[in-house]
Structure formats: structure tokens, C-alpha cells
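Take a look at the structure below.
What follows draws every value from the coordinates through simple rules; no lab data is involved. The shown structure was predicted, so the numbers you read here are calculated from the model rather than taken from an experiment. Cβ sites come from the backbone with ideal geometry, for glycine too, and all protein chains shown count toward neighbours.
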Amino acid sequence: MAGVDEAGRGSLFGAVVAAAVVLNPADRIRGLNDSKLLDAPTRERLDRAIRARALAWAVAAEDAAAIDAVNILQASRRAMRAAVAALPLRPDCLLVDAVALDWPGEQRALIHGDARSISIAAASILAKVHRDALLRAWDPVFPAYRLAGNKGYASPEHLAALQRCGPSPLHRRSYAPVGAALAGAQRQLALFHP
């Protein structure tokens, strides 16, 4: 059985990341829980344990351009399917957080699955830790947005930076705050280049 989850659906910046995990029932990892309920050091520790001790795991992502092209729900599903496909062993069944996937095998979509299933919790941890690392890597490239701290979410400083600087090439243009900032930047540009 593989647990499947994603991280970053609500973020204004960057990829949505998904993970699939097949835990080893003979090697229980203590402390697994919804990644949003764990502090960063605990997530990092559990991420290392999952990668070392799970029977199989995989991570996949869909970038901002894909999110804008197909919408966040479809991009999340594509990332989750890609994570499942990348597993080095084929699971008999999927447990997916909240959504159903286009997958030929048996699956169960669990509402609040990352709090109800340790397999989904493990996937949520891998996805969150991987995505957070990506945002820390982008932070020095786009320092105005303070991505390392806000992880691309709509914090007051991120929204202010969007208004001040406009969106970066990796912002999700289909998201309302980014679209509004882009429209504002285009209006400003039109004033100088009629």
C-alpha cells in the first residue's frame, strides 16, 4: 500500500510537489503525522527516516507553468500520479489524501488522510520537506519575496513584494494575488511606454 500526498497547493510561487511512500510494516517509524502539524526539525528528521527505512518512496513535481495551464487540482493529480509511477515497486493499493487519481489499481481517497493514515502522513512529510528545500534554494535568486520564510504563501511581506516588484517568472499567474500584481505592473509599464 502506498500513501500519496502533495504540498504547496495554496502557494503563490513555484511547483506543487507530491510524494508516494510504501512503508515497511516490519520497521515502524514513530511520530508520523500530518506534515503541517510538525515543526521543521521534526519533519526533517522524519524525512531522513522515511527515505532510509521505507520499502519505496518517490517525489515528483509540476511547475508553475503547468499549474497555470491545467489548474492546481489537475497539476496536483499529475504530480501524484508521477510520484506513484516513479516508485521502484508497484503498490497493490493507494491511499490518497482527499482526491482520486487516474490509476488502474485499487485506491481510497481519504478526507484529512494525512492525519488518518501514517502512509499518507509519510508522503506529506516527504513532499513538504522537498518543496521547502526548493523554496530555500530559490530564496537567494528572488530575495524580495522572502521565500525561505513564507514558502511562497501569501504572507503580508510576500504580497507587499508582489505589489512592489511584480511577479517573478516562477509565480503562479493564475492565482488572484499574482494576477493582480501582474496587472498592476503592466499598468505601470504602460505609463512609461504608451
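Quick check on Arg9: is it closer than 26 Å to Gly152 by Cβ and either assigned to a helix (DSSP H, G or I) or without any contact (Cβ under 8 Å) to a residue 24 or more places away in the chain (or both)? No, not satisfied.
Of all residues in the range 46-59, those being buried (at least 16 other Cβ atoms within 10 Å of the Cβ) and without any contact (Cβ under 8 Å) to a residue 60 or more places away in the chain number 4.
Residues that are surrounded by 14 or more Cβ atoms within 10 Å (Cβ to Cβ), in contact with a Phe, Trp or Tyr (Cβ under 7 Å, 6 or more places away or on another chain), closer than 21 Å to Ala56 by Cα and basic (Lys, Arg) do occur in the range 80-100, at least one of them.
Between Gly31, Gly3, the distinction of being touching a Leu at 6+ places or on another chain (Cβ under 8 Å), surrounded by fewer than 17 Cβ atoms within 10 Å (Cβ to Cβ) and not in a helix (DSSP H, G or I) belongs to Gly31 only. Tallying residues that are touching a residue at least 12 places away in the same chain (Cβ under 8 Å) and closer than 18 Å to Ala18 by Cα within the range 128-169 yields 11. Answer yes or no: is there a residue in the range 94-102 that is out of contact with any helix residue (DSSP H, G or I) (no Cβ under 6 Å at 6 or more places or on another chain), of a type outside the set (Gly, Ala, Ser) and either within 21 Å of Leu147 (Cα to Cα) or in contact (Cβ under 8 Å) with a residue 40 or more places away in the chain (or both). Looking through the range 94-102, at least one residue is out of contact with any helix residue (DSSP H, G or I) (no Cβ under 6 Å at 6 or more places or on another chain), of a type outside the set (Gly, Ala, Ser) and either within 21 Å of Leu147 (Cα to Cα) or in contact (Cβ under 8 Å) with a residue 40 or more places away in the chain (or both).
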